[in-house]
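**Student:** There's a structure below that I have some questions on.
Every read-out reported here was derived from the displayed coordinates using simple, explicitly stated rules and does not represent laboratory data. For clarity, every value in this text was computed on a predicted model and none was experimentally measured. Reconstructed Cβ throughout: ideal geometry from the backbone, glycine too, with neighbour counts over all protein chains shown.
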Amino acid sequence: MAEQLISTAVHHTLPESYVRSEAERPRLDEVVPDADIPVVDLANPDRAAVVAQIGAACSSHGFFQVSPSQFPFPPAYKPGRRSVFPFGKREWGRSAFAHRARVCRVWSLTDRQVLNHGLPLEVMLAAMAVAHEFFRLSPEEKAKLYSDDPAKKMRLSTSFNVRKETVHNWRDYLRLHCHPLEQFVPEWPANPPPFRDVMSTYCKEVRQLGFRLYAMISASLGLEQDYIKKVLGEQEQHMAVNFYPKCPSPELTYGLPAHTDPNALTILMMDEQVAGLQVLKEGRWIAVNPRPNALVINLGDQLQALSNGRYKSVWHRAVVNSDRPRMSIASFLCPCNCVKLGPAEKLIGEKSPAVYRNYTYDEYYKKFWSRNLDQEHCLELFRT
Ligand code: OGA
Ligand code: NI
């Protein structure tokens, strides 16, 4: 029922169905502040060094951030070119991104090289702005898009899997399939009007970045550069636009409880103003503070399997807060349903026997969605 959406009402108390048992609560005071989160500079001309950094980050943390250049506005901009930012001044409203967007519009960042991770800043800002606009739509408009059926390829939903879970999570999300775009875009929300164009551009850019990262992750494992891209087949791409409203009791609930991502690679654009993502490292939760314009990359279960367990699909979670709503845009690259998944042949040997059996993504994904989010690592069920 669309009434279950939490972004359509103001909440002064946390409903009982969101309250975690004592043992399951996030214990926010024990979280380690952002410490030593690996940051990889993709513009470093020493490619071998970048590959080594990525390899180290994937085995120690299973995630890293890719940063833009050190300068908020790189010296290579060309003032005056028409911006792709889609809104007129009036529509910027009180968006947290308004200021940056305005600066960006004035300077018109022009090419993909200006940011080291390759995603033009204005494409990122536009995606974030249109995501905010989307969650400001009226309850009636939102109700038209609501579904709690995980099989639906386009749905506005809430929590994680309301049909299965016993305790809900303080999140609404819009889930989209993004590849091939021509096939799925016509199903996407038609409101706000720039939504389809802006998100399509963002999706294309994210996909290119993902493939660039695949090449470096492959190389870091000693595999052919195109190994991962090839072996995962014609990849699907999904997106979750996550909205975490202000929460009256953040210490009792989650935006998303601890989970690993079932796909191959996740590229997360976080709210620049509001923290909430945390990752598990050596038994402790570490807060990932947003870095301006950076993207968080995390390996999903399929790359842990492909690497035969050398790389980690990290446990992560999103916590909420009582001061400000938070937005994140997660892009998931997913293997083609038809290919055989499991450890790369080259990484299996006498000293390193296959840790996981072969399977298809279809099998894996069904298993993932048939469970609660915070059960054991789904990959455990695919061990040899
Ligand atoms: C996800 C996720 C984290 C966040 O969507 O899978 O982990 O910070 N999101 O929103
Ligand atoms: Ni996740």
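**Student:** Can you compute the helix-only [θ] at 222 nm over the chain? Use -39500 (n - 2.57) per DSSP H run of at least 4 residues, normalise by all residues, nearest 500 deg cm²/dmol.
**Tutor:** About -7500 deg cm²/dmol.
**Student:** Let me ask something additional. I'd like the Karplus ³J(HN,Hα) series for the stretch 3-14: coefficients 6.51, -1.76, 1.60, θ = phi - 60°, whole numbers in Hz, and an x wherever there's a Gly or Pro.
**Tutor:** 5, 6, 4, 9, 7, 9, 9, 9, 10, 9, 9, 7
**Student:** Mind checking the dipole of the chain: about its Cα centre, +1 per Lys or Arg Cβ, -1 per Asp or Glu Cβ, Debye to the nearest 20?
**Tutor:** Its charge dipole is roughly 760 debye.
**Student:** Please state the relative contact order of the chain as a whole percent: Cα pairs under 8 Å, 6+ residues apart?
**Tutor:** 20 percent
**Student:** Suppose the chain between Lys204 and Asp46 were pulled fully straight at 0.36 nm per residue; how much longer would it get relative to their current alpha carbon spacing?
**Tutor:** Going from the current span to full extension adds 54.3 nm.
**Student:** With each pseudo-label sitting 7 Å past Cα toward Cβ, what's the Cys338-Arg20 distance in nm, one decimal?
**Tutor:** 4.1 nm
**Student:** Continuing with this model, one more query. Between the stretch 15-68 and the stretch 327-384, what is the separation of their alpha carbon centroids in Å?
**Tutor:** Here the answer is 20 Å between Cα centres.
**Student:** Counting other Cβ atoms within 10 Å of each Cβ, which trypsin sites (Lys or Arg not before Pro) in the stretch 158-243 have at most 14 and sit in a DSSP loop?
**Tutor:** Arg163, Lys164
**Student:** Let me ask something additional. Below 13 angstrom from the Cβ of Ile228, what's the summed charge of the other residues (Lys, Arg +1; Asp, Glu -1)?
**Tutor:** +2
**Student:** What list of ³J(HN,Hα) couplings, whole Hz, do you get for the stretch 264-276 from phi and the Karplus terms 6.51, -1.76, 1.60, once you set θ to phi - 60° and write x for glycine and proline?
**Tutor:** Karplus values, whole Hz, x for Gly and Pro: 8, 9, 10, 10, 10, 9, 9, 4, 6, 9, 10, 7, x.
**Student:** Using a Förster distance of 30 Å, how high is the FRET efficiency between Ala143 and Gln183, based on the Cβ-Cβ distance and rounded to 0.05?
**Tutor:** Efficiency, from the Cβ-Cβ distance: 0.75.
**Student:** Now, a different point. Of the listed pairs Lys142/Lys340; Lys164/Lys340; Lys152/Lys230; Lys153/Lys351; Lys164/Lys281; Lys164/Lys351, which have alpha-carbon separations greater than 31 Å here?
**Tutor:** Flagged as over cut-off: Lys142/Lys340; Lys153/Lys351; Lys164/Lys351.
**Student:** OK, next. Residue by residue, what Karplus-based ³J(HN,Hα) values in Hz, rounded to whole numbers, does the stretch 354-367 have, using 6.51, -1.76 and 1.60 with θ = phi - 60° and x for Gly and Pro?
**Tutor:** 4, 7, 10, 7, 7, 6, 10, 5, 4, 4, 5, 5, 5, 4
**Student:** Anyone know which of Pro353, Pro335, Pro192 comes out most mobile in the 10 Å Cα GNM of the chain?
**Tutor:** Of Pro353, Pro335, Pro192, the Gaussian network model singles out Pro353 as fluctuating most.
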